[in-house]
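A short worksheet on the structure shown next.
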2 protein chains.
Amino acid sequence: MNTVDVVDVVDPVLRVACAQVPVDVEHPRMAYSAVSEAVSAAAQAGAALIVLPEMVNSGYHFADTDEAWSLAELVPGPWTTLLSRLSTDHGVVIVAGLAERGTDGKLYSASVVVDAGDTVGVFRKAHLWDAEHRYFTAGERATLVVETSIGRVATAVCYDIEFPEMVRAAAEEQADVLAAPVNWPLRTGPEGALPGGWPIEVHKVVAHAADYRIPIAVADRCGHERGEEFTGGSIIVGHDGVPLAGPHIVRPARPALLVADLGNVGDRRLSDHNHALTDRRPDLYPVRADEQP
Amino acid sequence: MNTVDVVDVVDPVLRVACAQVPVDVEHPRMAYSAVSEAVSAAAQAGAALIVLPEMVNSGYHFADTDEAWSLAELVPGPWTTLLSRLSTDHGVVIVAGLAERGTDGKLYSASVVVDAGDTVGVFRKAHLWDAEHRYFTAGERATLVVETSIGRVATAVCYDIEFPEMVRAAAEEQADVLAAPVNWPLRTGPEGALPGGWPIEVHKVVAHAADYRIPIAVADRCGHERGEEFTGGSIIVGHDGVPLAGPHIVRPARPALLVADLGNVGDRRLSDHNHALTDRRPDLYPVRADEQP
């Protein structure tokens with residue numbers, strides 16, 4: 001059985017940009033202008049898909065629940081209205097993270113896919129990192145894959161993509177690219193300075209892209225927040241795990257715009273006899289009691 | 001639910017060695033003396049567990065099926081007899097790859113765990129790479145975990161560990177270390193020269209170790225065979241993905257002995273609120289029809 005030999009790609013080369021912008025929880029509107037400028041520059045560079053960081057509308061380190069509530073936004077809301085306008089003005093698809101106030105009365109770390117003025121997908125982070133448990137509710141679906149005007153775009157948020165299954169979900173659903181808004185807190189131990197100066201998160205992105213032969217575009221943030229430094233590890237990785245743009249690891253992290261052309265999207269073959277998805281032996285892998293469908 | 005907080009570790013620090021030895025399908029007995037010397041040197045360096053490459057008894061590039069049959073060995077056979085003697089003489093546990101002739105009339109790329117003179121486990125490679133399909137039958141189980149005199153040792157072979165589930169299987173079964181015999185053919189494209197000069201396989205080992213917080217000890221081979229060069233990418237990675245020894249990537253690959261102490265074995269926590277295994281959301285991950293237990 002081979003379910004992914006035929007992939008519907010609008011353009012065989014997809015130009016993708018990741019905008020690493022500064023965010024500050026104490027000055028959240030600052031991101032609006034940074035994002036507007038970055039999207040304009042990315043569009044001028046010919047990007048068809050532009051990825052922005054996690055929670056770029058709000059910042060990350062909330063003082064308390066009240067602050068988280070005050071900065072989170074509904075969808076639609078001011079933040080998605082800005083993204084809609086930018087996508088229309090520049091004729092691009094945008095994937096961006098936000099602190100989302102759900103109509104169910106809960107907060108989510110979400111990612112929206114905006115195409116031609118419309119929010120065509122909302123994904124809610126399914127794996128919460130550390131203190132996020134205090135503010136956010138975890139989403140209840142695997143990686144979202146949306147058919148857009150420029151191809152099949154998958155999205156998941158930050159810690160999500162450290163789980164190989166979330167990357168596999170994108171590949172199994174024939175996504176052309178996985179767009180991942182992240183906020184990577186700086187690691188100062190040996191895990192933060194592996195070859196290339198890469199933190200372990202970057203190695204995971206490289207490996208998981210190659211595991212399932214799917215390009216991954218990660219937009220990280222820069223800027224300090226209440227004593228925490230962020231990595232600025234934005235990277236665009238091809239389906240073979242080779243970095244096409246970034247990461248540019250400097251301290252402190254700086255604004256950056258990465259642009260790269262993705263080729264061979266949808267090709268999951270590894271050799272004449274090997275295929276990243278159909279070589280799997282799911283009948284053999286461990287399944288816990290809570291893992292049965 | 002947290003099934004792995006308590007781990008039975010005989011010694012809180014486990015000294016592991018990976019012996020990167022030359023192998024040649026045209027001179028298969030050459031490996032016997034190289035292995036004897038390497039095990040002796042590793043034991044002198046205080047290693048309790050010694051990992052050897054894949055198919056070190058036979059070489060890799062068979063001319064045809066007859067040659068594969070003539071070089072493969074039964075278990076027990078001359079190769080495991082040598083390993084048994086070495087494990088007894090030096091008081092060490094050895095994990096080594098071999099071309100195995102099964103009593104079922106099939107050939108396997110296998111890995112044996114030898115402890116105090118006994119072969120206490122035989123694993124058969126479950127994911128076959130490229131031309132291996134011509135000679136070998138795939139095994140029918142996930143990563144093997146064996147209780148040995150020096151701790152819980154997991155083993156899988158080469159391409160197996162590129163599948164995150166195989167590494168997860170070792171972690172779920174509370175292995176202290178995953179010992180992986182490999183034969184990595186040299187990659188000459190961009191996938192072969194990522195940061196650190198690392199091929200993509202090394203990035204996968206680093207990432208998958210960190211994914212599931214389990215140390216991985218990879219023994220690769222050196223030596224040319226019928227026009228193919230091997231990577232010599234042996235590496236010992238800690239549970240946080242940090243390389244503790246190797247890889248020493250040079251061309252041509254050279255014999256090497258890596259020795260490292262593994263600490264924190266069995267600690268799968270990532271933060272006060274995060275745990276590599278219990279943070280998984282298996283209820284959300286894609287399950288194909290052939291994947292149901």
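Miscellaneous remarks
- Within the range A:61-89, the set of residues being closer than 18 Å to A:A42 by Cα and open to solvent by 30 Å² or more (accessible area, probe 1.4 Å) comprises A:R85, A:T88, A:D89.
- For the range A:117-137, residues that are within 18 Å of A:M166 (Cα to Cα) and either basic (K, R) or in contact with a His (Cβ under 7 Å, 6 or more places away or on another chain) (or both) total 2.
- With respect to the conditions (1) assigned to a loop (DSSP other than H, G, I, E, B); (2) more than 10 Å from every other protein chain (Cβ to nearest Cβ), A:D240 lacks only one, and its number is (2).
- Qualifying positions in the range A:255-270 - modelled with pLDDT of 95 or more and not hydrophobic (A, V, I, L, M, F, W, C): A:P255, A:D261
- Residue that is farthest from A:A253 (Cα to Cα), among those in the range A:39-51 that are in a loop (DSSP other than H, G, I, E, B) and open to solvent by 30 Å² or more (accessible area, probe 1.4 Å): A:G46
- Residues being open to solvent by less than 40 Å² (accessible area, probe 1.4 Å) and not hydrophobic (A, V, I, L, M, F, W, C) - total across the range A:10-21: 1
- Only one of B:A193, B:A210, B:A179 that is open to solvent by 10 Å² or more (accessible area, probe 1.4 Å), under 24 Å from A:P190 (Cα atoms) and of a type outside the set (D, E): B:A193
- B:V205 being more than 8 Å from chain A (Cβ to nearest Cβ), out of contact with any Asp or Glu (no Cβ under 8 Å at 6 or more places or on another chain) and crowded, with 24+ Cβ neighbours inside 10 Å: yes
- Restricting the range A:230-286 to residues that are of a type in the set (V, I, T) and free of Cβ contacts under 8 Å to residues at least 60 places away in the same chain leaves a set whose member that is surrounded by the fewest Cβ atoms within 10 Å (Cβ to Cβ) is A:V250.
- Summed over the range A:121-137, residues that are on the phi < 0 side of the Ramachandran plot, at the interface with chain B (Cβ under 8 Å from one of its Cβ atoms) and open to solvent by 30 Å² or more (accessible area, probe 1.4 Å) total 3.
- If the condition is being of a type in the set (D, E), open to solvent by 70 Å² or more (accessible area, probe 1.4 Å) and touching a residue at least 12 places away in the same chain (Cβ under 8 Å), then the range A:90-120 contributes only A:D118.
- If the condition is being farther than 16 Å from B:D240 by Cβ, at the interface with chain B (Cβ under 10 Å from one of its Cβ atoms) and in a loop (DSSP other than H, G, I, E, B), then the range A:156-202 contributes A:F163, A:E173.
- B:V218 being buried (at least 24 other Cβ atoms within 10 Å of the Cβ) and assigned to a helix (DSSP H, G or I): no
- For the residues A:R124, A:R152, the requirement of being under 17 Å from A:L178 (Cβ atoms), modelled with pLDDT of 95 or more and in contact with a Gly (Cβ under 7 Å, 6 or more places away or on another chain) singles out A:R124.
- The residue that is least open to solvent (accessible area, probe 1.4 Å), counting only those in the range A:138-153 that are in a loop (DSSP other than H, G, I, E, B) and more than 14 Å from every other protein chain (Cβ to nearest Cβ), is A:I150.
- When A:S36, A:S58 are checked against the criterion of being of a type in the set (G, A, S), out of contact with any strand residue (DSSP E or B) (no Cβ under 8 Å at 6 or more places or on another chain) and open to solvent by less than 40 Å² (accessible area, probe 1.4 Å), A:S36 stands alone in meeting it.
- Among (1) in contact with a Cys (Cβ under 8 Å, 6 or more places away or on another chain); (2) part of a helix (DSSP H, G or I); (3) among the hydrophobic types (A, V, I, L, M, F, W, C) - the single one A:W69 does not satisfy: (1)
- The condition (being of a type in the set (D, E), closer than 20 Å to A:D130 by Cα and assigned to a strand (DSSP E or B)) is satisfied by just one residue among A:E54, A:E100: A:E100.
One line per residue, one yes/no per condition, for (1) of a type outside the set (S, T, Y); (2) more than 7 Å from chain A (Cβ to nearest Cβ); (3) closer than 20 Å to A:E201 by Cβ:
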{"residue": "B:E225", "(1), (2), (3)": "yes, yes, no"}
{"residue": "B:A245", "(1), (2), (3)": "yes, yes, no"}
{"residue": "B:I249", "(1), (2), (3)": "yes, yes, no"}
{"residue": "B:L258", "(1), (2), (3)": "yes, yes, no"}
{"residue": "B:D267", "(1), (2), (3)": "yes, yes, yes"}
{"residue": "B:L277", "(1), (2), (3)": "yes, yes, yes"}
{"residue": "B:R281", "(1), (2), (3)": "yes, no, yes"}
{"residue": "B:P286", "(1), (2), (3)": "yes, no, no"}
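The values are calculated or read from the model by the stated rules, or taken from the named source; none is laboratory data. This is a predicted model, so every value here is computed, not measured. No Cβ is skipped: glycine too gets one built from the backbone with ideal geometry, and neighbour counts run over all protein chains shown. Note: areas computed on protein heavy atoms with side chains; ligands, DNA, RNA excluded. Shrake-Rupley method; radii C 1.70, N 1.55, O 1.52, S 1.80 Å.
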